[in-house]
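One structure below.
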Amino acid sequence: MQRGILCADIGTSSLKAAFITEAGTVLKFIRLLFPQPVQAVDWVQAFFAAWHILPADYTVEAICVSGNGPSLVAVPQNRRVPEANINSAGRIPKIHINVDRHLFSASLPPDDVMNGIIDAAKNDTLFLWNEPVSQGLTVSGQQGATVPAPQDGAASIPPTGLSLFLPRIAAFRAKYPDVFAGAAQLFSGPEYVSYLLTGAAVTSLPDPRYEAAYWSKEELFRFSEALHIDTDRLAGLLPPFTAAGTVIGRFCGIPVIAGVPDFIAALIGTGTLTAGTACDRAGSSEGINVCISQPHRAEKTLLLPSVMPDLWNLSSVIPSSGAAFSSFLVSHGFLGNDYIAAMERIAAEPFAASGAYPATFAGQGRAFVEELAFRIRHGCDLLEQASGFHPVYTLSGGQAHNAIWCQMKADMTGRTFALPAFADGELIGDAALAFYGLGRGDNLAAIAQRLIRIKRYYEPEPAAAQRYTEKYSRR
């Protein structure tokens with residue numbers, strides 16, 4: 001019998017799930033694509049479908065879900081609260097855990113329980129983080145953003161600081177006024193699935209310093225005034241904060257752990273939790289991150305709190321890097337995910353110290369990845385100048401599976417990249433949070449390090465790195 005955590009990460013186009021043991025062994029990995037356009041119920045069905053794939057002799061010790069944000073799900077007022085054995089939120093001390101009592105086989109819950117949850121979810125409304133809004137609707141959260149009120153034409157939104165959620169809530173109300181009016185609560189992705197499993201309505205906060213990125217009483221009041229919404233009504237739609245990594249309830253007796261946004265989960269799952277550690281999270285977009293001990297802002301970087309108290313995360317973001325490369329492949333007749341075959345042809349194109357590459361697929365591909373790598377290099381330069389660290393960057397995300405690109409990235413940036421045995425950092429981060437919530441350690445960073453196994457390092461090949469350094473310096 002194998003014991004571990006059922007981890008799930010809700011992405012934009014798919015759900016990824018894994019069964020991970022306390023030793024860090026990933027016994028099962030599952031990725032299920034959502035139908036398009038995706039609905040809230042699709043998340044729920046994919047979660048149960050992933051669970052169904054687990055072998056019957058796997059024992060689920062806990063469940064932890066992460067996901068993209070700030071996606072929102074509106075639960076209507078006539079919603080039946082899921083029937084569950086709900087414990088009050090809070091960390092369960094290790095001495096209070098009865099191992100035999102809290103371990104359950106991977107066999108799915110009774111059909112009537114699952115079907116009841118799925119049927120209820122069909123009435124819930126999903127508003128994805130990237131869902132387009134009406135023309136003229138601005139949801140950036142910047143000062144002076146304008147969101148038309150459903151009845152009154154337009155309303156000026158006051159400054160929202162760092163809040164990622166309030167602008168999307170305003171856009172949700174503008175696009176779906178009837179849904180908003182009939183909503184009992186609004187959830188982000190991980191909290192929504194956890195609510196369906198436990199009936200516990202909470203907003204998982206990675207760290208108290210993240211409140212500004214969600215909402216505060218003062219911001220709720222300003223938004224309510226600007227959008228002509230009763231303050232109590234808006235506050236009542238938003239579940240109260242609870243600390244990430246706590247047990248928020250149980251589903252069929254299995255502890256459900258408060259998860260985090262996928263970005264935070266990836267930081268945990270790559271071990272970017274002590275000063276000087278770093279990661280490169282690359283998928284549709286790319287984020288380079290370094291953990292620092294003092295808050296230090298730098299040009300073209302983003303400073304956010306770490307999930308670890310008293311530490312911070314400094315990041316440089318390359319938007320749509322992977323998405324742009326997929327589009328490039330499609331435009332040349334490749335499948336959008338046929339990266340390995342494409343990179344083999346691109347890598348075979350001879351290096352050009354100056355001048356343009358030929359107007360062939362390989363030549364233009366070489367120019368594309370070289371430009372992308374130089375943008376990554378610039379981001380690393382900014383982070384390292386600001387932090388004083390020259391770290392090894394732990395890889396996470398789909399691009400980490402392409403060995404040719406990882407080596408080219410090392411050569412072109414002059415940096416060393418560490419490839420974990422399991423490169424989906426979000427799921428490793430979920431497992432670390434779950435074991436922390438179960439009391440399997442007092443330090444989240446130490447738990448994460450136990451789960452991370454580095455498979456290989458991509459180091460710059462000296463001669464190639466020198467050529468790229470010279471070319472980069474001439475830009």
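The values are calculated or read from the model by the stated rules, or taken from the named source; none is laboratory data. It should be emphasised that the depicted structure is a prediction, and the values quoted were computed from it without experimental measurement. Note that we place each Cβ from the backbone using ideal geometry, even for glycine, and neighbour counts take in every protein chain shown. For the accessible areas, the whole protein counts, side chains as well, though only heavy atoms, and no ligand, DNA or RNA atoms are used. Shrake-Rupley method; radii C 1.70, N 1.55, O 1.52, S 1.80 Å.
Structure summary
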| read-out | value |
| --- | --- |
| Candidates 275, 258, 265 - the one that is among the hydrophobic types (A, V, I, L, M, F, W, C), at pLDDT 90 or above and in contact with a Cys (Cβ under 6 Å, 6 or more places away or on another chain) | 275 |
| Meets criteria (in a strand (DSSP E or B) and in contact (Cβ under 8 Å) with a residue 24 or more places away in the chain) for residue 354 | no |
| Scope region 255-305; condition acidic (Asp, Glu) and either crowded, with 24+ Cβ neighbours inside 10 Å or not in a loop (DSSP other than H, G, I, E, B) (or both); matching residues | 262, 280, 286 |
| Residue within region 357-369 that is in contact (Cβ under 8 Å) with a residue 60 or more places away in the chain, within 28 Å of the chain's Cα centre (by Cα) and open to solvent by less than 30 Å² (accessible area, probe 1.4 Å) present | no |
| Residues (farther than 17 Å from residue 75 by Cβ and aliphatic (A, V, I, L, M)) located in region 232-254 | 243, 244, 247, 254 |
| Filter result (open to solvent by 20 Å² or more (accessible area, probe 1.4 Å) and over 22 Å from residue 261 (Cα atoms)) within region 196-225 | 218, 221, 222, 225 |
| Within region 370-475, helices (runs of 4 or more DSSP H) holding 3 or more residues that are free of Cβ contacts under 8 Å to residues at least 60 places away in the same chain | 403-413, 462-473 |
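Here is a yes/no grid of residues against (1) of a type in the set (A, V, I, L, M, F, W, C); (2) free of Cβ contacts under 8 Å to residues at least 24 places away in the same chain:
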position: 276; (1), (2): no, no
position: 280; (1), (2): no, no
position: 311; (1), (2): yes, no
position: 316; (1), (2): no, no
position: 323; (1), (2): yes, no
position: 329; (1), (2): yes, yes
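Quick grid of which residues meet (1) touching a strand residue (DSSP E or B) at 6+ places or on another chain (Cβ under 7 Å); (2) of a type in the set (D, E, K, R); (3) closer than 21 Å to residue 115 by Cβ; (4) touching a residue at least 40 places away in the same chain (Cβ under 8 Å):
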| site | (1), (2), (3), (4) |
| --- | --- |
| 7 | yes, no, no, yes |
| 11 | no, no, no, yes |
| 23 | no, no, no, yes |
| 27 | yes, no, no, no |
| 36 | no, no, no, no |
| 40 | yes, no, yes, yes |
